[in-house]
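The values are calculated or read from the model by the stated rules, or taken from the named source; none is laboratory data. Please read all numbers here as calculations on a predicted model, not as lab measurements. Heads up, the Cβs are rebuilt from the backbone with ideal geometry, glycines too, and the neighbour counts pull from every protein chain shown. The protein model used for the area step is the full one, side chains on, heavy atoms only, and it has no ligands, DNA or RNA in it. Shrake-Rupley method; radii C 1.70, N 1.55, O 1.52, S 1.80 Å.
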Amino acid sequence: MDQNLDERALRELEQELHTEIYPGTEIMTDVGTHHFVKSSAGGHSVLVPQPSDDKHDPLNWSPRWKASAIFCATLVSFIQGMGPLALAPMFGDYIEAFHHDLADVVQFTGIAILVLGFSNFIWVPLQSCFGRRPVLILSTIICFGSSIWRAKANSYGSFMGACVLNGLGAGPAETAQPTIIADVIFLHDRGKYQTLYFAFYFGSLTVGPIISGPMAQQLGWRSFWWLNTGLLAFTTICVIFLFPETKFNRNFMPQNSTVASMPPHKSVSTEQVEEYPVQDGTHTSAVDHADPEKSAPVQPQLSTTKSGNANDLSHVHTHDDPWLGRGSPSKAQWRLWQPYDGNIFLELWMPWYISIYPIVEFAAFVVSWSASSFLTLNLTQSQAFAAPPYNFTSSKIGFFNFAILVGAIIGLLTAGPLSDFIATRLTARNKGIREPEMRLLAMIPYVILMIIGNVVVALGYEHHWDWKVIVIIGYTCAGIQVAALPSISSTYAIDSYKPVAGSIFVIVTVNKNVWGYGFSKFITPWIIKAGYIPPIMTNMALVILFCSTGIIFWYYGKTFRKWTRNSKVHTM
């Protein structure tokens, strides 16, 4: 329950709803005397988390400031992610420049993603204790330096060192934006923005090869890294001047709220309070709409009998947020870093602690193997299309990634809205009680597309099908599923354990990148020995396996959340 209510209020809600409320369960409608802040658009959707009545609360920021924060976070994810996997079309150039074979130069990608994953054991505690803003700035500067190093590298060892530094700096590309989304976006829109993150992050891994292939062919492979350096410089400037701090310590009970006890057998005439409607259909007194800087507590809503007297009420919970949609960052939120807050040792331990949670592991494995289906294309496209009978140049191979990009855009436009729509419909059928598991149904069509894509690519590579079939069907399906399956599964985990969203993505990233490193190390000799079908279809089978466990979570996910309801993760 993420609505800033105390334990007593939660127990009252459970009694009125005749259900148990565990972490992740949200009440999306007013219940009895409990009235929540609602969306200004229509006034019918209860906002989760409930914003405070502070002008500087990121949940209260105006659409312009929220858009600025999301833009910068997305830009960081895109630009930091573009470099590490842009190498595939340039593998031939590196073989020639550094006098190493294909298996050796593929390790440029493998090492970078391995270091990238483990670097988040440091980045996430830093962003939890010192803020998101300093992490975005520092990490982008590190990527900037590594890009210059790559452009100037003259040996295999030197370029490998630059890859390691790049992996270290690019960690926040995979963990910062989900945390920022949880900071500024309400639950009913979170699926859309999670899909935006995955579409742009994996889109960057697609755009990198599209750009690097032609540039390597026309201008030399170093030219791409100079372009990458310029983009990282632009990103650093944007973050410094357009991204205010989104980490915010929200009061458990908003200041502009009332939790009042009415004495028994006492009558209050409704004529004593001047009331008028507000957006959610309830009534508040005129004092509610006073100067927000000097606002008095909201008066309890009074329900009257035919005699004109108020019913006896036990606890009346109301909350009127005068700054919703009109807030802005404070000067303090523009500092280069925030004062130390929290326990960095606890933050370092937290990813290990939550790694035993079934829901976190479900998200980690679905994201990892869905991403691996995409990584397979990145690692095999040069090997398959540069050889007979295709004999394509690195430039043409790079352009094939447009199909993956189109697929990612389709995933962006469909997966988030679909998961939010399904969850909203099921919430309405469940009398306004929302469970995180409601998103899981949206995975079904994307699992089917993932199977189609993998089968087409594996058989197409092996039997030398027309490249149009492989690229248009196989690559596009890969792009759709890699934007959809990770976003739905990870949003499910964040809905269940929002306070540790960053730590969840540490587990997700490490799991994904360790597997990606192993796959990158062994896929080339595996293909040489056994062909394309065994490795690609094995990875596809693992995606099906882990996505199929969603059936278990559909039925027992709430039980898993019950096991962790008293965990400290919910108070961080």
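Taken over region 455-491, residues that are open to solvent by 60 Å² or more (accessible area, probe 1.4 Å) and either of a type outside the set (A, V, I, L, M) or in contact with a Leu (Cβ under 7 Å, 6 or more places away or on another chain) (or both) amount to 7.
Checked against (1) surrounded by fewer than 23 Cβ atoms within 10 Å (Cβ to Cβ); (2) touching a residue at least 40 places away in the same chain (Cβ under 8 Å); (3) within 16 Å of residue 508 (Cβ to Cβ); (4) not charged (D, E, K, R), residue 350 passes all but condition (1). Does residue 141 satisfy the criteria of being closer than 21 Å to residue 242 by Cα, at pLDDT 95 or above and surrounded by fewer than 24 Cβ atoms within 10 Å (Cβ to Cβ)? Against the criterion (closer than 21 Å to residue 242 by Cα, at pLDDT 95 or above and surrounded by fewer than 24 Cβ atoms within 10 Å (Cβ to Cβ)), residue 141 qualifies. Right, residue 561: open to solvent by 20 Å² or more (accessible area, probe 1.4 Å) and either without any contact (Cβ under 8 Å) to a residue 12 or more places away in the chain or more than 22 Å from residue 104 (Cα to Cα) (or both) or not? It is false that residue 561 is open to solvent by 20 Å² or more (accessible area, probe 1.4 Å) and either without any contact (Cβ under 8 Å) to a residue 12 or more places away in the chain or more than 22 Å from residue 104 (Cα to Cα) (or both). All of (1) touching a Cys at 6+ places or on another chain (Cβ under 7 Å); (2) within 24 Å of residue 567 (Cβ to Cβ) hold for residue 493 with one exception: (1).
Here the helices (runs of 4 or more DSSP H) wholly within region 51-165 that include at least 1 residues being in contact (Cβ under 8 Å) with a residue 40 or more places away in the chain and in contact with a strand residue (DSSP E or B) (Cβ under 8 Å, 6 or more places away or on another chain) are 63-82. Note on region 314-340: among residues that are open to solvent by 60 Å² or more (accessible area, probe 1.4 Å) and not in a helix (DSSP H, G or I), the one that is modelled with the lowest pLDDT is 314.
In region 1-55, the qualifying residues are those that are open to solvent by 40 Å² or more (accessible area, probe 1.4 Å), at pLDDT 70 or above and in contact with a helix residue (DSSP H, G or I) (Cβ under 8 Å, 6 or more places away or on another chain), and the one that is nearest to residue 429 (Cα to Cα) is 20.
Taking each residue of region 212-238 that is closer than 20 Å to residue 378 by Cβ and looking for partners that are basic (Lys, Arg) with beta-carbon atoms closer than 8 Å, six or more apart or interchain, yields 213/396; 225/150; 228/150.
Looking at region 217-246, which of its residues are surrounded by 15 or more Cβ atoms within 10 Å (Cβ to Cβ) and among the β-branched types (Val, Ile, Thr)? Across region 217-246, the qualifying residues are 229, 235, 236, 239, 240, 246.
Tell me yes or no: at least one residue of region 54-67 is of a type in the set (Gly, Ala, Ser) and over 29 Å from residue 514 (Cβ atoms). Yes; the residues of region 54-67 include at least one that is of a type in the set (Gly, Ala, Ser) and over 29 Å from residue 514 (Cβ atoms).
For region 522-558, the candidate set comprises residues that are modelled with pLDDT under 90 and open to solvent by less than 90 Å² (accessible area, probe 1.4 Å); within that set, the residue that is farthest from residue 108 (Cα to Cα) is 525.
Applying the condition of being modelled with pLDDT under 90 and out of contact with any strand residue (DSSP E or B) (no Cβ under 7 Å at 6 or more places or on another chain) to region 430-446 and asking which residue is most open to solvent (accessible area, probe 1.4 Å) yields 431. Summed over region 401-417, residues that are touching a residue at least 40 places away in the same chain (Cβ under 8 Å) and open to solvent by 20 Å² or more (accessible area, probe 1.4 Å) total 8.
Looking at 392, 345, 362, just one residue is crowded, with 17+ Cβ neighbours inside 10 Å and assigned to a helix (DSSP H, G or I), and that residue is 362. Just one of the numbered conditions (1) surrounded by fewer than 16 Cβ atoms within 10 Å (Cβ to Cβ); (2) closer than 27 Å to residue 341 by Cβ; (3) modelled with pLDDT of 95 or more is not true of residue 252: (3).
Evaluated against (1) farther than 30 Å from residue 54 by Cα; (2) of a type outside the set (Gly, Ala, Ser); (3) surrounded by 24 or more Cβ atoms within 10 Å (Cβ to Cβ), residue 181 falls short on exactly one condition, (1).
Taken as a whole, the structure leaves residue 230 outside the set of residues that are at positive phi and either among the polar types (S, T, N, Q) or at pLDDT 85 or above (or both).
If the condition is being among the β-branched types (Val, Ile, Thr) and either touching an Asp or Glu at 6+ places or on another chain (Cβ under 8 Å) or within 12 Å of residue 475 (Cα to Cα) (or both), then region 398-423 contributes 404, 406.
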